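Following: one structure in structure tokens, then a few remarks.
Just so you know, all these numbers are worked out from the coordinates, no wet-lab data involved. Everything numeric in this text was worked out from a predicted model, so none of it was measured. As a convention, Cβ positions derive from the backbone with ideal geometry for all residues, glycine included, and neighbour counts pool all protein chains shown.
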Amino acid sequence: MKSFRDKRRDNRPHSARAEPSRQRDAFAPARPQAKAERHETKSPDRQEAKPAPRILLRREGPLPAERLPLILEVAPNADYALLDSGASEKLEQYGPYRIVRPEGQAIWQRALPAKEWERADAIFTGDTDEEGIGRWRFPKAPLGETWPMKHDGIDYLGRFTSFRHVGVFPEQASHWDHMAGLIAAARRPVKVLNLFGYTGLASLVAARAGAEVTHVDASKKAIGWARENQEMAGLANKPIRWIVEDAVKFAEREERRGSRYDIVLFDPPAYGRGPKGEVWQLFEDLPGLTDLCRSILTPKPLAVVLTAYSIRASFFAIHALMRDTFAGMGGTVESGELIIREKSAGRALSTSLFSRWVA
């Protein structure tokens, strides 16, 4: 999807990036959909006791340079498009299918007439809460669970899940393109760690670009989907390790083993459980995991990318965390929002907050 673009909008000097019309939004909390289906819920009797929190000390050294607010934009193309939005819903085109899903942030009115929305192939109904479970309705003809999709020449499977997601988060394409560029420019072997990796698009992009990838997710089902995507993409010969594991436990083990990575991606949920009942609470556990991500970097790292969905906070919070964590390492911390540009009226739909350290 070559029209998934990293657009940087300037409205003031020194690389502080945002469109003037979005300056207020860029500072507002983003509250998009949760990614609840990525973490299997276990019964209380199987829940493990939470280990003692990681002891955190403030890192010494100057803070990295900063660049904010940075708005990374995904534009419509033939494979994916946000066709219209409004009245707390969004109308999207995924390959051959038109899909209607809840979208709490679309508080404006629809731009397209009702007849365009009525052409939808699939509509998510039921519980529209962020963590809610519902079902799909197919107005024209029953559709299977999966359908073929592409991203920039990589084949994968879209999926209808009970948590209203479809197996891919297209706004992440800005990060994928950026990462692929870093891998190509490195001109050396690159190791990538993808924590909370979900169904594997980021891992496939990294592997195609030439990296050795370790993909970690607590959901056995998600890992199964990711393996299917690897086969469908024709990348079965690429070096990807698929690991069902709690992300924090895996990172801790890598730290003890001395395993190191050049790029770390982590995309944690606001709340989740690991495969053995481990509980994840973003505001409690994110500082420790961010510190862990620094500790498992190679001597010449390239980047660490954090994406935060479904949190009631400003990106300034995770921006300050990332700058503090990477003190003394130089580089730049870039923070802001991921947005999708609407096709009908050109409005921007904010999907998540992000912060990334780039060497």
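Going by the alpha-carbon gyration tensor, a ≥ b ≥ c the square roots of its eigenvalues, is the range 217-359 rounded (a/c under 1.5) or, if a/c is not under 1.5, prolate (a/b greater than b/c) versus oblate? In terms of gyration-tensor shape, rounded.
Can you give the FRET efficiency to the nearest 0.05 for Gln281 and Lys115, using r as the Cβ-Cβ distance and R₀ = 45 Å?
0.50
Normalised by the number of residues in the range 77-144, the mean separation of alpha-carbon contacts (under 8 Å, six or more apart) gives a relative contact order of 24 percent.
If the limit is 23 Å between Cα atoms, which of Lys150/Lys249; Lys191/Lys276; Lys191/Lys300; Lys221/Lys276; Lys191/Lys249 go over it? Beyond 23 Å between Cα atoms: Lys150/Lys249; Lys191/Lys276.
Determine the shape class of the range 91-243: with a ≥ b ≥ c the square roots of the Cα gyration tensor eigenvalues, call it rounded for a/c under 1.5, and otherwise prolate if a/b is greater than b/c, oblate otherwise. Here the range 91-243 falls in the prolate category.
Diffusion of the range 77-144 by Stokes-Einstein, at 20 °C in a medium of 1.002 mPa s and with Rh set to the Kirkwood radius over alpha-carbon pairs, works out to 172 µm²/s. In percent, what relative contact order does the range 231-348 have, based on Cα pairs under 8 Å that are 6 or more apart in sequence? RCO, the range 231-348: 25 percent. Here is the list for the range 283-359: trypsin sites (Lys or Arg not before Pro) lying in DSSP coil, each with at most 15 other C-beta atoms within 10 angstrom of its C-beta, are Arg312.
Taking Cα centre as origin and charging only the Cβ of basic (Lys, Arg, +1) and acidic (Asp, Glu, -1) residues, the dipole magnitude of the range 77-144 rounds to 360 debye.
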